[in-house]
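Let me begin by presenting the structure, written as structure tokens, before commenting on it.
The values are calculated or read from the model by the stated rules, or taken from the named source; none is laboratory data. This one's a predicted model, so the numbers in the text were calculated from it and none came from an experiment. Cβ coordinates were reconstructed from backbone atoms using ideal geometry, including for glycine residues, and neighbour counts include every protein chain displayed.
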Amino acid sequence: MDKHARWIKGLAGGACANLSLVNLEGLDLRHVDLRGALLGGAKLARSHLTGARLAGADLFRADLRHCDLRAADLSNTDLRGARLHSADCADANLRNADLREGKIDASGAGGAPNLSTMPREPGRAGTSFAAALATVARRPGAVCSRTDLTSASLRRVDLGGADLTGCNLQNADLSDANLTDTNLSESRLCGANLDGAALTGTRFHNADLVGTRLSGCDLSKADLAGAHFTKMLDTLGLEIQRVINNHERWIESGGARGARAELDGADLNRVDLRNVNLSGATLRGASLVKALLAGAKLIMADLSGADLEGANLSGADLSGANLSYARLIGADLHDALLCPAQILDGFGKPSGKIWATSLLGADLRHAHLVGALLSSANLSDANLDLADLDGADLTGAKLTGLPYQR
């Protein structure tokens, strides 16, 4: 740090701090000056970086989950592929930051390169292995990692001119943020809060805006070409509306009124079903691509063979649900309940029996399962290639025949 301070000032004996791949988890680094430092792949999860000066730093694929970055200066930083899940970036300066997906070559006999020894461009900070990989990433077989800002707090943050192409911003708080001239093309903003954000010149090309809050926003000067918006429940066919409403009555009355929902094969793509109660419903083979199901109750629901690619199921209760052979590619299941459901007797009391969640043969490639409860779940023959299971509870889960890469 002393040498870095001298390097910043241009004094003799100074050297740019190289902390690539270093474990700095949980450290108190408040107001630290690491401008232009090399932090590619560093583990900074749960660290305290309030007011830190990180302008121009290389944070390529850095782990910044649950990090306190309030009022930090992250302008002109390389944050491609970084993990900022649940980070607090309120009032931070991210102007002109690069938050696109990060790419690492995973082809060839040697696999991914040794990131800590990649050549640096002399005399320039923030280049390290991120710059060296620019050519490597063009090779066939490159592994891509989207910058993960799921549930991040970005209130009042300055992201003017930043490139967030392809970022995962599901459930992020961007209220009152400066997004002037920001590139949000192909980003996922399902359930995000953009209330009061400045959107002049903001690009939303093919962005997923299902369930995004936009109260107080002036969209007249934003570029919304190809953007996907929420399909509200009241825009669905009258029959589907009736089935869902009757199902909720059936749940509330304990089966005395209404009727169980039977939505096998239904088209529910991009529909906003946040916090809906479809417990016990049958949705076999239903299409729920990029549907917004955050906080929904789907206890013992039958979703076998359903297409939930890119769906937002964060915090959803899927206890005892049947997801056998369902497509959950890229789905957000962070903090979801996929543990056994308690079977009740005729008087509504626990019978002592449980019904495990089934993910038999499910396709969970690239799924986000951080903090998910998967105890006793049947994951036999499921595909978990490149799924994020950090902090997930897999106690007693069946994992036979599991192809899995991390």
(request) Considering each residue of the stretch 86-128, count those that are hydrophobic (A, V, I, L, M, F, W, C) and at pLDDT 50 or above, and give that number. (result) 9
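Kindly indicate the residue of the stretch 7-39 that is basic (K, R) and either buried (at least 18 other Cβ atoms within 10 Å of the Cβ) or modelled with pLDDT under 95 (or both) and also nearest to R61 (Cα to Cα) among those meeting that condition. Walk me through it before giving the result.
Kept after step one, since they are basic (K, R), are these residues of the stretch 7-39: 9, 30, 35.
Remaining after also requiring either buried (at least 18 other Cβ atoms within 10 Å of the Cβ) or modelled with pLDDT under 95 (or both): 9, 35.
On the way: K9: 28, R35: 17 Å.
Checking each candidate, the answer is R35.
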(message) I want to confirm something. Restricting to the stretch 149-161 and keeping residues that are assigned to a loop (DSSP other than H, G, I, E, B) and within 19 Å of the chain's Cα centre (by Cα), which single residue is surrounded by the fewest Cβ atoms within 10 Å (Cβ to Cβ)?
(response) R155
(request) Name every residue in the stretch 41-64 that is of a type in the set (D, E, K, R) and surrounded by 23 or more Cβ atoms within 10 Å (Cβ to Cβ), in order of residue number. (result) D58, R61, D63
(request) Run down R70, R83 and say which single residue is touching a strand residue (DSSP E or B) at 6+ places or on another chain (Cβ under 9 Å) and at pLDDT 95 or above. (result) R70
(message) Among the residues that make up the stretch 134-148, is at least one of them crowded, with 24+ Cβ neighbours inside 10 Å and at pLDDT 85 or above?
(response) yes
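Is one or more of the residues making up the stretch 270-279 under 15 Å from the mean Cα position of the chain (by Cα) and assigned to a loop (DSSP other than H, G, I, E, B)?
Step one: of the stretch 270-279, the residues under 15 Å from the mean Cα position of the chain (by Cα) are none.
Scanning the stretch 270-279, I find no residue that is under 15 Å from the mean Cα position of the chain (by Cα) and assigned to a loop (DSSP other than H, G, I, E, B), so the answer is no.
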